């Protein structure tokens with residue numbers, strides 16, 4: 001898209017004041033970097049990075065039977081999802097392909113969904129076409145979404161004097177990984193979940209768009225926090241082994257092929273009842289023809305998306321995401337490969353610009369995640 005056709009984020013002016021290099025992504029002008037991708041990546045791993053992810057879609061599903069309706073679209077057990085808890089799930093086609101991956105939080109009164117920016121229009125249309133009477137779907141277009149990620153995120157957030165917005169919700173100090181609630185900050189209501197896309201501890205913060213700049217500046221006032229762009233967000237998620245929609249997963253890929261079986265809740269594996277359940281449960285039991293895997297790449301040359309993967313003289317897959325891992329100081333990649341060549345330790349080759357480079361299948365994540373789960377100290 002031409003720059004003039006790109007939408008602006010609520011923090012557009014702030015990004016430009018901070019010297020961001022802006023690019024088009026998902027129809028928006030977005031910051032790809034501020035100081036530099038590697039420096040921003042390392043800062044997030046060591047301190048706290050502030051990401052503007054307001055291009056993402058924030059949706060609210062309300063009404064009696066909302067949880068049961070969501071179960072007709074995705075394989076999560078939303079009926080058992082406790083208030084103020086968050087679950088990763090997948091919006092599926094009727095033949096088991098992945099329309100999108102998303103986060104679902106039970107607010108206690110409704111379900112709050114975060115979907116990918118590039119797919120939100122299609123997601124909304126898909127859901128609205130299946131919306132029964134008595135249930136409403138609201139696109140929260142008047143809200144921005146910020147993510148504060150890194151080991152110092154909890155310290156910085158703790159300084160904001162966040163007050164619970166409702167009497168029956170957990171306090172901020174009680175939020176562990178995949179939990180969320182609403183809090184008051186300077187009389188502004190924030191929806192906060194302890195989650196993110198970097199493999200680090202951190203928070204995603206839904207804030208009225210009109211108040212987004214004030215919140216961002218309040219966070220950036222802390223020495224531990226710097227603005228981080230899309231470039232480091234991508235390298236961070238790659239190290240964490242997290243798939244990117246439209247690259248590692250799409251409607252041609254099933255949850256089993258994507259190595260996302262954990263997104264299918266235990267009850268749903270038994271009962272089914274979600275789109276594509278027959279095929280997906282058969283693949284879960286008997287295996288899928290291909291699988292998303294992690295690859296360690298020999299040498300220093302990164303293997304990028306689209307590079308072919310070979311076993312001897314036979315192509316057995318394709319790289320779906322790849323790049324240099326600043327935390328590990330080596331190139332890494334994700335690839336979709338034939339299941340016969342997907343076992344950990346399998347030696348393969350990647351064709352990079354006409355040159356074969358050695359690679360080996362390795363477990364993901366490449367970099368250990370640092371989530372703060374129930375039963376651990378914050």
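Computed from the coordinates by the stated procedures, all read-outs in this text should not be read as laboratory data. Owing to the predicted nature of the structure, the values given are computational and were not obtained by experimental measurement. Don't worry about glycine lacking a Cβ; one is built from the backbone with ideal geometry, like all the others, and counts go over all protein chains shown.
Structure values in brief
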quantity	calculated
Counting DSSP beta bridges with both ends in the chain, the antiparallel % (nearest 5)	95 percent
Point-to-point label distance, residue 353-residue 373, nm (Cα→Cβ direction, 7 Å offset)	4.2 nm
Estimated [θ] at 222 nm from DSSP helical runs (n ≥ 4, -39500 (n - 2.57)) normalised by residues in the chain, nearest 500	-5000 deg cm²/dmol
Segment 124-192-segment 32-102 distance, computed between alpha-carbon centres (Å)	12 Å
Within segment 63-82: backbone nitrogen closer than 16 Å to the residue 93 label point (7 Å, Cα to C-beta)	74
Computed label-point distance, nm, for sites residue 311 and residue 278 using a 7 Å Cα→Cβ extension	3.0 nm
Shape metrics for segment 1-66, restricted to C-alpha atoms - Rg then Dmax, Å	15.4, 48
Linear extension gain, residue 338 paired with residue 121, 0.36 nm per residue minus alpha-carbon span	74.9 nm
Highest-MSF residue in the chain out of 144, 66, 335 [GNM, Cα springs under 10 Å]	66
Gaussian network model of the chain, Cα within-10 Å springs - most flexible of 185, 43, 310	185
Point-to-point label distance, residue 68-residue 174, nm (Cα→Cβ direction, 7 Å offset)	3.0 nm
Alpha-carbon Rg/Rh ratio, for segment 1-123, with Rh computed the Kirkwood way	1.05
Gain in span if fully extended, residue 267 to residue 131, counting 0.36 nm per residue against the direct Cα distance	46.6 nm
Förster radius 30 Å - calculated FRET efficiency between residue 161 and residue 23 (Cβ-Cβ, nearest 0.05)	0.25
Shape category assigned to segment 223-314 from the gyration tensor of Cα positions, a/c cut at 1.5	oblate
Orientation-averaged projected area, Cα convex hull of segment 35-89 (nm²)	6.0 nm²
Fraction of the pair-distance distribution of segment 289-362 above 19 Å, Cα-Cα pairs, percent	20 percent
Listed peptides 229-238, 252-261 by packing density, highest first (mean Cβ within 10 Å)	229-238, 252-261
Relative exposure of 64, 351, judged by other C-beta atoms within 10 Å (fewest first)	64, 351
Relative contact order (%) - the chain, alpha-carbon pairs under 8 angstrom, separation at least six	18 percent
Alpha-carbon radius of gyration plus Dmax, which is the widest Cα pair, for the chain in Å	20.6, 64
